[in-house]
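Below is one structure; the comments refer to it alone.
The values are calculated or read from the model by the stated rules, or taken from the named source; none is laboratory data. Just so it is clear, the structure is predicted and the values come from calculations on it, not from any experiment. All Cβ positions, glycine included, derive from the backbone under ideal geometry; neighbour counts span all protein chains shown.
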Amino acid sequence: MHFEELAQAECRKHGVRPAFQGYHGFPFALCCSVNEEVVHGFPSAKRILQEGDIVSFDMGVVYDGFYGDSARTYPVGAVSDEAAHLIRVTRESLFEGIEQARVGNTLYDISAAVQRHVEAAGFGVVRRFVGHGIGRSLHEKPEIPNFVPRGMPGVPLKPGMVLAIEPMVTVGTYEVEILADNWTAVTRDRKLSAHFEHSVAITPDGPIILSLSQAEAARLAG
């Protein structure tokens, strides 16, 4: 629960409200997903992170009536080459998708960029969970799959749209199942999964990432 306590404290510090807590009954401010857990994992005092684990944090907040949503996956100490590669490719796929979030493109240009990068690395793209529009509500239209659905026209991207783009990537199968808590999604084969997400505004001059940390912004700038 250490991470949940930190998340709650940061919300109080910055005068924002946790977006996930109470949403459809979700009991926490923070989703904390470890190793084979894809998304919607519970923070738990009973589970102690071990060297070699990977952990995904997904969190949303509400400020002045507007929602933000983002996720990152981190290594715990020294991790396997496979785990490090998974994290790197998942992060890269997010930025490949963001690069396509431009006026004149369609939603599926984002999807195709993510899927192409992930599958070229030999990993799988989760189908069951997708990105989404975001703004006055946490989940708005359109849905943003990380793969290109067959036979579906892509929604044109227009200035003013805000999208939560969030690749969820697996080492093995992209099939998932839900645990007995009715929230935690795990890979069916129990192999590793990683998750990255940014909230992105589409403008006439290109995408603006709204959920960058100061450290991330500095790295991108320099």
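Please find, within region 128-152, the residue that is surrounded by the fewest Cβ atoms within 10 Å (Cβ to Cβ) out of those that are assigned to a loop (DSSP other than H, G, I, E, B) and of a type in the set (Gly, Ala, Ser). That would be Gly151.
Cβ separations smaller than 8 Å between residues 6+ apart or across chains give the following pairs from region 14-30 residues that are in contact (Cβ under 8 Å) with a residue 40 or more places away in the chain to residues that are surrounded by 12 or more Cβ atoms within 10 Å (Cβ to Cβ) and in a helix (DSSP H, G or I): Arg17/Cys11; Pro18/Ala7; Pro18/Gln8; Pro18/Cys11. Taken over region 201-222, the criterion of being of a type in the set (Gly, Ala, Ser), free of Cβ contacts under 8 Å to residues at least 60 places away in the same chain and not in a loop (DSSP other than H, G, I, E, B) is satisfied by Ala201, Ala215, Ala217, Ala218, Ala221. For the criterion of being without any contact (Cβ under 8 Å) to a residue 24 or more places away in the chain, farther than 27 Å from His24 by Cβ and touching a strand residue (DSSP E or B) at 6+ places or on another chain (Cβ under 8 Å), Glu99 fails. Residues considered: Gly154, Gly160. Of these, the only one that is of a type outside the set (A, V, I, L, M, F, W, C) and modelled with pLDDT of 95 or more is Gly160. Within region 39-52, being of a type in the set (A, V, I, L, M, F, W, C) and over 16 Å from Ser70 (Cβ atoms) holds for Phe42, Ala45, Ile48, Leu49. Looking at Ala101, Ala112, just one residue is over 10 Å from Pro167 (Cβ atoms), assigned to a loop (DSSP other than H, G, I, E, B) and among the aliphatic types (A, V, I, L, M), and that residue is Ala101. Taking the criterion of being over 26 Å from Asp53 (Cβ atoms), touching a residue at least 40 places away in the same chain (Cβ under 8 Å) and of a type in the set (A, V, I, L, M), would at least one residue in region 189-200 satisfy it? The answer is yes; a qualifying residue exists.
Within region 3-51, being of a type in the set (Gly, Ala, Ser), in contact with a strand residue (DSSP E or B) (Cβ under 8 Å, 6 or more places away or on another chain), surrounded by fewer than 21 Cβ atoms within 10 Å (Cβ to Cβ) and modelled with pLDDT of 95 or more holds for one residue alone: Gly15. Residue count for region 1-55, restricted to those that are in a loop (DSSP other than H, G, I, E, B), of a type in the set (A, V, I, L, M) and within 17 Å of Val76 (Cα to Cα): 4.
Say whether the condition of being farther than 25 Å from Val118 by Cα, crowded, with 22+ Cβ neighbours inside 10 Å, under 19 Å from the mean Cα position of the chain (by Cα) and not aromatic (Phe, Trp, Tyr) is met by at least one residue in region 64-71. No, region 64-71 contains no residue that is farther than 25 Å from Val118 by Cα, crowded, with 22+ Cβ neighbours inside 10 Å, under 19 Å from the mean Cα position of the chain (by Cα) and not aromatic (Phe, Trp, Tyr). When you scan region 133-143, do you find a residue that is within 17 Å of Glu96 (Cα to Cα) and touching a residue at least 12 places away in the same chain (Cβ under 8 Å), even just one? Checked region 133-143: no residue is within 17 Å of Glu96 (Cα to Cα) and touching a residue at least 12 places away in the same chain (Cβ under 8 Å).
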